[in-house]
Every structure is written in C-alpha cells, then in structure tokens.
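Q: Dumping the structure here so I can ask a few things about it.
The values are calculated or read from the model by the stated rules, or taken from the named source; none is laboratory data. Here the structure is a predicted model, which is why all the values come from computation and not from measurement. We place every Cβ from the backbone using ideal geometry, glycine too, and count neighbours over all the protein chains shown.
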Amino acid sequence: MRRVTERRPLLGYALTLLAAACWATGGLTAKWLFTAPGPETAGWPLPPLGIAIDPTALAGGRALSAFVLLAAYLAVTSRDSLRVRRNDLTFLAIFGIAGLAMVHYTYFKTISLTDVATAILLEYLAPVLVLLVSTLFLGHRFTWSLPAGVALSVTGCALVVGAIGGGGMVVSAAGIAWGLASAAFFALYSLMGSSAAKRFAPHTTLVYGLGFAALFWLVVLGPVRVLSVFADSATAAAVVFVAIVSTIIPFGAFLTALGHIAPTNATVTSTVEPVIAAAGAYFLLGEALSATQLLGGALVIAAIFVVQLTERGETVVFPPQD
C-alpha cells in the first residue's frame, strides 16, 4: 500500500517548526507543573504547581493517554484510518517501541547518568546519523548543504544548551553510550516516519505507534506504575495536557512533515526546539540568555535555511515492500 501525496516543502518546514515549538512548550509546561515552589521560582509569572511525578511514569502515562485520546478521536471521525494490514503491524510495532518509547527511555537514562544539557546535545546528534543513513543506504542525493546544515545545527545546539561556552558537559562512558542510543532511536523515528509517510496517513502511523509505545511502558514499568500518574485529578490533568501539547500535536506534525521534506532536513529543523525553549524560559520564567546561547540560536536558524538549499530527493521505502 502506497500513498501518493503532493510534496510541499514549505508546509513540511512549517510543520516541523510547529512540532519543535510544541516540544519546547511541553517542556516549559512540564517544568512549571512539576517544579516545587522555592526562592528560584519567586520571579515566575505563575507560581509552579510542584506536582511530584516519576519522569519515566510520566512518559508511560502520556503515551497511554495520547493513544486513548487519539484512538477515540479517530474512532469517531475517521474509523477507516484505524484499519491496517496484518503484515504492517510489525513495522508499526518497531516504530512505536523503537521510534517513540525508546527515544524517551534512553533520553531519561542519559539524564540520570549526565545532565539535561548533555542529554539534549547527544540526542540532537540524530541529524548526523540520519544524513549518513539517508545518503549511504537510502539513495538520497548528497549535496554540500546537508553536512553544512547538520554541522551548524549540532554546534548551535551545543551553544544553546551550554555544552560549549556554558557549564560544559557532564560526561561518563555509560552516559555517552545512552545518549548516542537516544540519537540513534530519534534517527530511526525520523527514517521510519519518512517511510511511513508513503504507506499510511500520519494519524494512522501515530495512533499505532503510540499504542505500541504505551504497551512497551506497561510491560517495562508495570500497569500500577504507569497508571499511578492518574491517581489524582491535578496530576492526571497535567499528564493529559502534556500528552496533547507535547505528544499528539508535535509527533503528528512531524510525521506529516516527513511526507513533504527529507528526514535529514526535518531533523535539522527540529533542533530549533532548545532555541525556542531557551527563549520561552527567558520570557516566561525569567531565565538569563547568554551571548553564546544567542549565537547558538542564530546557528540553528542558519542551519534551517542552509538545508533548504538541498535539492529534493526521494526516499526508499523502509523496509522494502513487495
């Protein structure tokens, strides 16, 4: 089964920027929801709620709630989009577990062994992997603008999160390994999402991906731990909000974008997320912005323009179909 859609690159970039903005907004919202009030939050426009929650349980709860919400919506509005062939389930299961659940699992594991800045930088090495796989194995055209854009985006990310010119990186062998794994899984998500765009509607890919991701978390964490985030109304509402703003909308937008632009271009564009998050933290939470962070943001924005100079290439369906 192949879907034929008109490729609209500008729409693809706009949707990727929307995804990055939602991921950044979700992160800022989560910080407000789950940070305990204290002297460091005295200048915040709205006092933080200080909801206590296990990050991995949050990942499981948001995958489960996002799946339930999206599946219910599609059951009412587009029931046909829930129908897939049995032999497509293996692809969708790999996409959901490796492309969605494992991205979050390895990211949280990296944070536990390093720090947030290091985890973000390592995860956003994904464009390097996507570029290598796309050009070496999937037949994408190699042009100077691709490695230039990837280099600009990675350097910009390093500046924004403080790995360069800030607090530096907290490095350990295990932390580096888990961080590179998170980059690999994010790259896999992008590459499989690009293939899925030729086979399924974006919401079909997402709902099945979320379903398998939720199943992964239920098995790994256990139902009690995943469902614990819904124990009280305030926490449950927070989880549902995060599920909508930082899961359904951005992942849906990113998957749709992959039908219009190449995965390398999409992953490079998505590195604007920490730039938006830093700007949001400056305006909403009163956090300082350094000159190196501003320079990093400029490099990421430049990277987005540079990769648009690439001639559009076709992707090879992954895995190959008969």
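Q: VAL207: surrounded by fewer than 17 Cβ atoms within 10 Å (Cβ to Cβ) and closer than 17 Å to LEU92 by Cβ, yes or no?
A: Details: surrounded by fewer than 17 Cβ atoms within 10 Å (Cβ to Cβ): no; closer than 17 Å to LEU92 by Cβ: yes.
It is false that VAL207 is surrounded by fewer than 17 Cβ atoms within 10 Å (Cβ to Cβ) and closer than 17 Å to LEU92 by Cβ.
Q: While we're on this one: If I ask for residues that are outside any helix (DSSP H, G or I) and surrounded by 22 or more Cβ atoms within 10 Å (Cβ to Cβ), which ones from region 115-124 would you list?
A: TYR124, the sole residue that qualifies.
Q: So which residues in region 270-290 are touching a residue at least 12 places away in the same chain (Cβ under 8 Å), over 18 Å from ALA126 (Cα atoms) and of a type in the set (Gly, Ala, Ser)?
A: Kept after step one, since they are touching a residue at least 12 places away in the same chain (Cβ under 8 Å), are these residues of region 270-290: 270-281, 284-286, 290.
Next cut, over 18 Å from ALA126 (Cα atoms) only: 276-281, 284-286, 290.
Selection gives ALA277, ALA278, ALA279, GLY280, ALA281, GLY286, SER290.
Q: Which of the residues belonging to region 102-128 are closer than 17 Å to PRO263 by Cβ and over 15 Å from the mean Cα position of the chain (by Cα)?
A: To start, the set of residues in region 102-128 that are closer than 17 Å to PRO263 by Cβ comprises 103, 123-128.
If the condition is that a residue be closer than 17 Å to PRO263 by Cβ and over 15 Å from the mean Cα position of the chain (by Cα), then VAL128 is the only one that fits.
Q: What tally of residues in region 234-277 results from selecting those that are surrounded by fewer than 22 Cβ atoms within 10 Å (Cβ to Cβ) and modelled with pLDDT under 90?
A: Adding up the residues that qualify gives 2.
Q: Please verify whether region 18-35 includes one or more residues that are among the β-branched types (Val, Ile, Thr) and at pLDDT 95 or above. Before you say what the answer is, go through the steps one by one.
A: Pass one, region 18-35, residues among the β-branched types (Val, Ile, Thr): 25, 29, 35.
Going one step further and asking which of them are at pLDDT 95 or above, we end up with none.
Looking for residues that are among the β-branched types (Val, Ile, Thr) and at pLDDT 95 or above, one finds none in region 18-35, hence no.
Q: A further question on this structure: Condition first: within 20 Å of LYS109 (Cα to Cα) and outside any loop (DSSP other than H, G, I, E, B). Now tell me which residues in region 35-61 satisfy that.
A: The answer is PRO55, THR56, ALA57, LEU58, ALA59, GLY60, GLY61.
Q: Only one of (1) surrounded by fewer than 19 Cβ atoms within 10 Å (Cβ to Cβ); (2) among the hydrophobic types (A, V, I, L, M, F, W, C); (3) at pLDDT below 90 is not met by ILE94, so which one is it?
A: For ILE94, the failing item is (3).
Q: Within region 144-162, how many residues are out of contact with any Leu (no Cβ under 7 Å at 6 or more places or on another chain) and in a helix (DSSP H, G or I)?
A: Applying the first criterion (out of contact with any Leu (no Cβ under 7 Å at 6 or more places or on another chain)) to region 144-162 yields 144, 148-149, 151, 153, 160, 162.
Narrowing further to those that are in a helix (DSSP H, G or I): 148-149, 151, 153, 160.
Within region 144-162, residues that are out of contact with any Leu (no Cβ under 7 Å at 6 or more places or on another chain) and in a helix (DSSP H, G or I) number 5.
Q: Output yes when any residue across region 31-47 is surrounded by fewer than 20 Cβ atoms within 10 Å (Cβ to Cβ), within 21 Å of ALA281 (Cβ to Cβ) and hydroxyl-bearing (Ser, Thr, Tyr), and no when none is.
A: The answer is yes; a qualifying residue exists.
Q: Take ALA183 and tell me if it is aliphatic (A, V, I, L, M) and either surrounded by fewer than 19 Cβ atoms within 10 Å (Cβ to Cβ) or over 15 Å from the mean Cα position of the chain (by Cα) (or both).
A: On the way: aliphatic (A, V, I, L, M): yes; either surrounded by fewer than 19 Cβ atoms within 10 Å (Cβ to Cβ) or over 15 Å from the mean Cα position of the chain (by Cα) (or both): no.
So ALA183 fails the test.
Q: Any residue at all in region 76-98 that's over 20 Å from ILE249 (Cβ atoms), outside any helix (DSSP H, G or I) and of a type in the set (S, T, N, Q)?
A: Checking region 76-98: not a single residue is over 20 Å from ILE249 (Cβ atoms), outside any helix (DSSP H, G or I) and of a type in the set (S, T, N, Q).
Q: Let me ask another. If a residue counts only when it is among the acidic types (Asp, Glu) and within 30 Å of PHE137 (Cβ to Cβ), which helices (runs of 4 or more DSSP H) contained entirely in region 237-310 have at least 1 such residues?
A: Details: elements: 249-257, 263-270, 273-285, 291-307.
In region 237-310, the matching helices (runs of 4 or more DSSP H) lie at 273-285.
Q: Among residues belonging to region 143-162 that are within 20 Å of the chain's Cα centre (by Cα) and aliphatic (A, V, I, L, M), point out the one that is nearest to THR264 (Cα to Cα).
A: Once the filter is applied, the top-ranked residue is VAL150.
Q: One residue is enough: does region 189-204 have a residue meeting the conditions buried (at least 24 other Cβ atoms within 10 Å of the Cβ), within 14 Å of the chain's Cα centre (by Cα) and among the aromatic types (Phe, Trp, Tyr)?
A: yes
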